[in-house]
């Protein structure tokens, strides 16, 4: 555990091919119907799938992971942690960790505080090494949740000291130091031993600049500030290229290279970040044997000024050293149907994948990222990483349009309302880096809820590779870096609607809150979810223009994890229970609930969970878009 803790912040170590060697793979709850590109490849029921169920000590345990060692867990994620999570290692019948899953992933387990673990924009993450010598099994005693477990498997014969709580206590000072670095990763890499080389330059339209350095050496830190009439446009139109030892391994628009685009979007990652003041920093370690050439080209129409610092240090080049790579690609007006696997990276050679930054322009409020990651290593025909959703890969959940930042993953930009406009996300694989010896392929499904729109997408992939490695990226052209405009969003509203998300909640079992949703009145609905069961009730208060008799009409949301509910107004049932199940997320038609005698204030709409459709995920959720009142004759 001690050496693995060091790896969590050792960016210099990323540039050396791992020794002892290991693979990094993932267990997840992905839909098992997705068997091949010709057989339900985009199946989307990604919740509640496990390796098997086991009976232990009178309880059912759902097995999320079961693998031989030697190895180490390097990441656990869930959108809805449930039950008690147990980690069994080395064939022991007694778990080495036994904890409510929400505590372990939420930063409440003793010795593993935030930001080692924590909830970020509805996603629950644990980044901490749990090594094992012989085997590892992970279970929960409650089903019905989404999960990822990322893990390493070392080459046979590797000596691994298995995890124990005693080690966690003994290494407490080192864990505390880790917490400090992950909490403020801007301080993880300081100025070089001999100080920083400062620079200031101006690049006019169509101009370029070039700077050469000689090795053996390594770039260990860079800081850049950009001055321009339109900084957002400048950060896309200035293209950075770096050639190490005769190989062009870096080519990306400047802002995209720093992990978020377009524009300055504050976040604090371990290898990359941006501050609100417009300072961009880079901590990727970039060694080279003979020579490095840094080039900047201005494809824009305005002059851009750049200032900052560059730290270079002596570095002994060895056969295990690798060159740093960062490449960008963009595609515009991509239709959302048919669904496709959109490629992030195709690389050949020997190397290690260490991260990605992704940006999308979404012309509707509908969720754009239902698609799963699919990562193939060294000739795999079925991905060894098969995820459960784009936001899940980036460490958040439920398409939550709220900014967050963490040392390893972030959503620095989300314009809104909802998921409309420009969104930027990133994830850096430090402890969970993925080595490859021959080739590496990373696809992300484009699985958009809206079937009839087009999106713009851009990605920067980050990896290290031995000299001679190749990739599928094409040189950047002027037309590639044009920043497409995004029109201002106009929120649609139904005339006279009493918006569900604005109603007063009188009482509720579980959680009820507004959720952004494209196509609904006001762009949101009242979403009742989390911890519900048959018999639970949510009561809402609403008013009428004046006391009298009204026909009550309502509109709802329907989905695969929504339940059957009985509605009642002022204690009178509104017809029979309504089944809100639908295979995909859809707004219902307007539903006539009946005619009721209403007061001017203080009317109650009660929603009771009755059950769920046989085909539904048994989460019993409910969504109210709006109520309409029409005077009854």
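The values are calculated or read from the model by the stated rules, or taken from the named source; none is laboratory data. All figures in this text were calculated on a predicted structure; none of them were measured in a lab. No Cβ is skipped: glycine too gets one built from the backbone with ideal geometry, and neighbour counts run over all protein chains shown.
Annotations
- Residue list for the stretch 234-272, restricted to those being in contact with a strand residue (DSSP E or B) (Cβ under 6 Å, 6 or more places away or on another chain) and at positive phi: 245, 259
- Only one entry of 54, 39, 61 meets the criterion of being exposed (fewer than 14 other Cβ atoms within 10 Å of the Cβ) and over 30 Å from residue 286 (Cα atoms), and that entry is 39.
- Residues that are assigned to a strand (DSSP E or B) and either buried (at least 17 other Cβ atoms within 10 Å of the Cβ) or touching a helix residue (DSSP H, G or I) at 6+ places or on another chain (Cβ under 9 Å) (or both), drawn from the stretch 582-593: 587, 593
- Residues in the stretch 119-131 that are part of a strand (DSSP E or B) and closer than 18 Å to residue 168 by Cα: 3 in all.
- Whichever residue in the stretch 371-395 is more than 11 Å from the chain's Cα centre (by Cα) and part of a loop (DSSP other than H, G, I, E, B) and, among such residues, is surrounded by the most Cβ atoms within 10 Å (Cβ to Cβ): 371
- Test result for residue 63, closer than 25 Å to residue 377 by Cα, outside the structural domain of residue 583 (by TED's automatic domain parsing) and touching a residue at least 60 places away in the same chain (Cβ under 8 Å): yes
- Filter result (assigned to a helix (DSSP H, G or I) and without any contact (Cβ under 8 Å) to a residue 40 or more places away in the chain) within the stretch 225-251: 235
- Scanning the stretch 365-399 for residues that are within 30 Å of residue 348 (Cα to Cα) and touching a helix residue (DSSP H, G or I) at 6+ places or on another chain (Cβ under 6 Å) returns 369, 371, 373, 387.
- Pairs where the first residue, in the stretch 504-520, is free of Cβ contacts under 8 Å to residues at least 24 places away in the same chain and in the same structural domain as residue 608 (by TED's automatic domain parsing) and the second is assigned to a loop (DSSP other than H, G, I, E, B) and crowded, with 17+ Cβ neighbours inside 10 Å, C-beta under 9 Å, 6+ apart: 511/532
- Residues in the stretch 336-365 that are buried (at least 22 other Cβ atoms within 10 Å of the Cβ) and part of a loop (DSSP other than H, G, I, E, B): 365 alone.
- Which numbered condition residue 526 misses (of (1) more than 25 Å from the chain's Cα centre (by Cα); (2) surrounded by 15 or more Cβ atoms within 10 Å (Cβ to Cβ); (3) under 22 Å from residue 601 (Cα atoms)): (1)
- The lone exception for residue 402 - which of (1) surrounded by fewer than 22 Cβ atoms within 10 Å (Cβ to Cβ); (2) in contact with a helix residue (DSSP H, G or I) (Cβ under 8 Å, 6 or more places away or on another chain) it fails: (2)
- For the residues 324, 258, 288, the requirement of being outside the structural domain of residue 201 (by TED's automatic domain parsing) and within 22 Å of residue 10 (Cα to Cα) singles out 324.
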